[in-house]
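Report on the following structure.
What follows draws every value from the coordinates through simple rules; no lab data is involved. Small disclaimer: the values here were computed from a predicted structure and weren't measured.
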Amino acid sequence: MPEDRRASPPRIQFTVEGGDAGATLAALLRRRLPDASWSDVRRFIDTAKVQVDGEICRDQAVRPSAGQQVKLEPAAPKPRPTRVGFRLVHEDAHLVVIEKPEGISSVPFDRKETNTAMDLIREAWRHTGRAATKSPLYVVHRLDKDTSGLLCFAKTKLGERGLHTIFKNHLAERLYMAVAHGPVTPRRLASRLVANRGDGIRGSTRHADQGQHAVTHVVKTEPAGPATLCHVRLETGRTHQIRIHLAEAGHPLVGETVYIRDWRREERPLLPSSRLLLHAATLGFEHPVTGQPLMFTCDLPPDFQAALAALRTS
C-alpha cells in the first residue's frame with residue numbers, strides 16, 4: 001500500500017541562500033521536498049504550516065530574500081479566525097486591556113453564554129499556547145454589548161481591588177465617541193438614574209432619594225450631516241448612561257433601539273445604522289499596583305467609520 005504523504009509531511013527548516021534569490025516560496029519548498037507535489041506544497045502554505053522569519057506566510061508567490069529563514073511545521077495548528085474589532089491592547093501581571101467588538105457582551109449573563117469579551121481573551125491566550133484558564137479574570141469594568149472599545153479586566157485580587165477603587169472614585173479617564181441625532185452642543189448632563197423609571201426601561205428620576213447620581217460631559221461636537229459626532233467624557237459610569245442622557249436631552253444615539261420613546265412619539269425618522277454608534281475610544285488610569293500612568297486609545301471601528309461617512313454625505 002503506498003505511503004500517504006498527506007498524513008505525515010516532513011518537517012524542514014532552512015536558510016535561503018544567494019542562489020535561491022528570486023524563487024517563489026512554493027518553488028523553494030518544492031526543491032527541498034522532492035516527494036511532494038505542487039498541490040501538496042500549496043496546501044502546506046494555505047493551511048498556515050509555513051513561516052518566513054518566524055511569521056506565518058500564506059502567499060505562495062512571495063520571493064524570500066537571501067538570509068531569510070523558512071520553516072515548514074506540519075503539526076502547526078490552523079490559526080483561529082480573527083475576531084473583527086478585537087485585540088489585546090495591554091497585558092501585564094495584574095491586568096489586561098482589550099478592544100471589545102460591538103455585539104459582544106463584556107461578561108456572561110448566564111453559564112450558557114460563551115461569546116463574551118472574557119471568552120475572546122481566553123481564546124487569544126489559547127492561540128498563543130498559553131493555558132486559557134490559568135489566569136483568572138476579575139470584572140471591574142463593563143461596556144454595553146452594543147458598544148465597542150476599550151475594556152479592562154483584572155488578573156489578580158490585588159489588581160481587582162485597585163481597579164475597583166479607581167472606578168468607584170471616578171479616577172479613570174474615559175472618553176467615548178458617539179453619534180447622536182440632530183445638532184448637539186457641548187454641555188453637562190446630570191441626573192439620578194433608576195433601573196425602571198415607571199415604564200419598564202432605565203431612565204432618570206426626579207426623586208433625590210432614588211437611583212444613582214450620573215454625570216456626562218459632552219466636551220466637543222462635530223457636525224455629521226443630520227447628526228452630530230460627540231466626544232463624551234464620563235464622570236460616573238452607570239449602565240447605559242450616555243445613551244440615556246443624550247436621549248433624554250432630545251438626541252438619541254444613531255443606531256439606538258431602546259431609548260427612542262420621545263423620538264417615536266413625535267414621529268421623527270430615525271437615521272439608519274447597522275450598529276449603535278458609541279465607541280469607548282480612550283481609557284486612562286494609574287496602574288492599580290505600580291502606580292504607573294496608563295493611557296490607551298483605539299480608533300473607530302470600520303463599521304462605525306462607514307456609518308459616520310454616510311451621514312456626513314447624506
### Query
In terms of the Cα gyration tensor, with a ≥ b ≥ c the square roots of its eigenvalues, is region 170-268 rounded because a/c is under 1.5, prolate because a/b exceeds b/c, or oblate?
oblate
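Could you work out [θ]222 nm for the chain from helices alone, using -39500 (n - 2.57) per DSSP H run of at least four and dividing by all its residues? Round to the nearest 500 deg cm²/dmol. Working shown, then result.
Details: 7 runs with 64 residues, N = 314.
-6000 deg cm²/dmol, from helical runs alone.
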### Task
Starting at the first residue of region 171-188, write each ³J(HN,Hα) from the Karplus equation 6.51 cos²θ - 1.76 cosθ + 1.60 with θ = phi - 60°, in whole Hz, x for Gly and Pro.
9, 8, 8, 10, 10, 10, 10, 9, 10, 10, 5, x, x, 10, 10, x, 6, 10
### Query
Relative to the longest principal Cα axis of the chain, at what angle does helix 302-312 sit, 0 to 90 degrees, rounded to 10?
50
### Query
Which angle from 0 to 90°, rounded to the nearest 10, does the C-alpha axis of helix 157-168 make with the longest principal axis of the chain?
40
#### Entry: Contact order normalised by residue count of the chain, Cα under 8 Å, 6+ apart, percent
14
## Note on the structure
Where a ≥ b ≥ c are root eigenvalues of the Cα gyration tensor, a/c under 1.5 meaning rounded, otherwise prolate if a/b exceeds b/c and oblate otherwise, region 219-288 counts as prolate
### Query
Pairing the Cα long axis of helix 117-127 with the longest principal axis of the chain, what angle in degrees results, from 0 to 90 and rounded to the nearest 10?
10
### Summary
If each part is reduced to its alpha-carbon centroid, region 130-149 and region 227-279 end up apart, in Å, by 25
